[in-house]
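Reading through the structure tokens given below for one structure.
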Amino acid sequence: MADLLVEQPREITISKTFPTKPKLKPKAKTPSKTPESKYWSSFKSHQISNLISSIPSIDFSPISPHQFAATNSASLTLFSSQTLSPTSTISFSDVVTSCSFRCDGSLIAASDLSGLIRVFDVKTRTPLRRLKSHTRPVRFVKYPLLDKLHLVSGGDDSVVKYWDVAGESVVSDLYGHRDYARCGDCSPINGEIFVTGSYDHTVKLWDVRVDSKESVIEVNHGKPVEDVIFLPSGGMVATAGGNSLKIWDLIGGGKMVYSMESHNKTVTSICVGKVGKESGEEALQYRILSVALDGYMKVFDYAKMKVTHSMRFPAPLMSIGFSPDCMTRVIGSSNGIIFAGRRKGKEDVGESKSGNFWALGSVEEPQRRALRPTYFRYFHRSQGEKPNEGDHLIMRPKKVKLSEHDKLLKKFRHKEALVSVLSGKNPENVVAVMEEMVARRKLLKCVVNLDEEELGLLLGFLHKHSTMPRHSGLLMGLTKKVLEMRADDIRASDALKSHIRNLKRSVEEEIRIQHSLQEIQGIISPLLRIAGRR
């Protein structure tokens, strides 16, 4: 009976455990994609490489299906925005520099290096007008958004001209730039107001109703201006020149709002794109898209004043265009390649699935019968539905998979857990186990009970990882304790002495590196202070 009354030893376990993880985790090298990055990455890349030379200008038709035109060498090529294939080509006698669609999409104007501006019918490619007044190459031509009868142009003669297209005559010659007039854009709210940029570093706002024929507002970009656009509100403009993109408030008298210097080389072209859906809260979120000679396309949110997306292309970029329906993005490069991107929409999915049925008209979907308790679908309804934003989710608990050292820690076999993790190759797990044992106040007791071979494993780990910055706080303190507590055992073993010599060399090397870094910091810090005063 006495033997039956003796309590048998039981193995103590914890009902709920979690895998040990180190407290100091290194940051991820690649940050997770934001929703906006996913949006811009959804434009599937497609290269159009049959063109001859650089593409200095790209323009989209404002009317659906929003075909786009690209200038290259002595030709103007029209492309379909759905198939991204060329539909027609118009030949010139000289290199074409710029093109612009009229607001109804039926006419297109293009300029060339001979100083000539020609107007064509888009469907028939018939030349309708020849505008000749510039004495030097024409660098930009632009149709006002709210006017079908006039054109704006500028060129290397430093003169900005306002044309009457029907009469093939100049309404106004605007003098003010002291160098090449390279770019321009028309106001989205008034057809008689436009802005031009020049290599004299200035951007001028013109109003053809002013009798003095002088600019209304003038701002200085600080570098030769490569491109200028109106923002959708009509009260602000964005300018590109050098490696900077600047935003100006015209209503405030030409005050600079922000300067973005994200590119490494000259910014060559900018345009406005839109992020979001056709309706709802996410609509009308405009972005500025910029391209540069460094091969990068940047997306700039001028409401939050930050770059939200960046994309690299294998060539210097010269021009960019974005379709009004937000489905196509086109970038022209200096080596004659167009990097076009088409975003897959509902219409594209419907066409790919239905084939030629769309040509016969719309097909009504068959109506499904109402659900009843006698139907099989009644008991399986909504199993494939995705949760809405406000729904409360009850997740199925995942089974925790424990490694060998976690199982040993769960059974409070601390020494075996330490030896097990030291035999592995993951230093993060070793540090995590040590931190857990420090919290349980068992680490030093385990170090005392290690035999010679196990102590060699510990010293070898300390030699390799004790000088790592994110673990040195714990491991250097542990190293001191090991040397104090196991000094006699280390002196008696040649293998352990070898580990100690290696550990000493690694610590001395780390000290030398830190001294060198402090010397370099002492040299650089006065230079940074001097540079900060300028």
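Could you work out the local net charge near E168, counting Lys and Arg as +1, Asp and Glu as -1, over the other residues with Cβ closer than 10 Å to its Cβ?
Combined, the nearby Lys, Arg, Asp and Glu give +2.
Only Cα pairs under 8 Å and at least 6 apart count here; give the relative contact order of the stretch 210-337 as a rounded whole percent.
That works out to 15 percent.
Size of the stretch 381-473 along its principal axes in angstrom, Cα-based, largest extent first?
Per principal axis, max minus min of the Cα coordinates gives 65, 31, 23 Å.
In whole Hz, what ³J(HN,Hα) sequence does the stretch 421-428 give by Karplus (6.51, -1.76, 1.60; θ = phi - 60°), x for Gly and Pro?
Listing the rounded values in order: 6, 5, 6, x, 10, 9, x, 5 Hz.
Taking K148 as the anchor, which lysines have their alpha carbon closer than 18 Å to its alpha carbon, excluding any fewer than eight residues away along the same chain?
Those lysines meeting the cut-off are K123, K161.
Output the relative contact order of the chain, whole-number percent, from Cα pairs under 8 angstrom with separation of 6+ residues.
11
Between [x] -0.19; [y] -0.31; [z] -0.41, which matches log10 I(q)/I(0) by the Debye sum over Cα atoms at q = 0.05 Å⁻¹ calculated for the structure shown?
Working out log10 I(q)/I(0) by the Debye sum over Cα atoms at q = 0.05 Å⁻¹ from the coordinates points to [z].
Please compute the contact order of the stretch 423-534 in relative form: average sequence separation of alpha-carbon pairs under 8 Å and at least six residues apart, divided by the residue count, as a percent.
Reported relative contact order: 26 percent.
Within 10 Å of each candidate Cβ there may be at most 13 other Cβ atoms; applying that plus a DSSP loop requirement, which GluC sites (Glu not before Pro) in the stretch 194-283 survive?
The qualifying sites are E214, E261, E278, E281, E282.
What spacing in nm lies between the two simple spin-label points modelled at K399 and N426, each 7 Å away from Cα in the Cβ direction?
For the pair K399/N426, the computed spacing is 1.9 nm.
Using the crude model of +1 on Lys and Arg Cβ and -1 on Asp and Glu Cβ, and no other charge, please compute the dipole size for the chain relative to its Cα centre, in debye to 20.
1920
For the stretch 419-505, how big is the tail of P(r) above 18 Å, as a whole percent of Cα pairs?
Everything past 18 Å amounts to 37 percent.
Set Lys and Arg Cβ to +1 and Asp and Glu Cβ to -1, take the dipole of the chain about its Cα centre, and tell me which of N388, V447, S61 lies farthest positive.
Comparing the listed Cα positions along the dipole, V447 ranks first.
Per residue, what accessible area does the chain have, given a 1.4 Å probe and all protein chains present, in Å²?
Per-residue value: 59 Å².
Of K132/K213; K274/K398; K274/K386; K44/K401, which ones are farther than 29 Å apart at the Cα?
K274/K398; K44/K401
The values are calculated or read from the model by the stated rules, or taken from the named source; none is laboratory data. Quick caveat: nothing in here was measured; it's all calculated off a predicted structure. Cβ coordinates were reconstructed from backbone atoms using ideal geometry, including for glycine residues, and neighbour counts include every protein chain displayed. The protein model used for the area step is the full one, side chains on, heavy atoms only, and it has no ligands, DNA or RNA in it. Shrake-Rupley method; radii C 1.70, N 1.55, O 1.52, S 1.80 Å.
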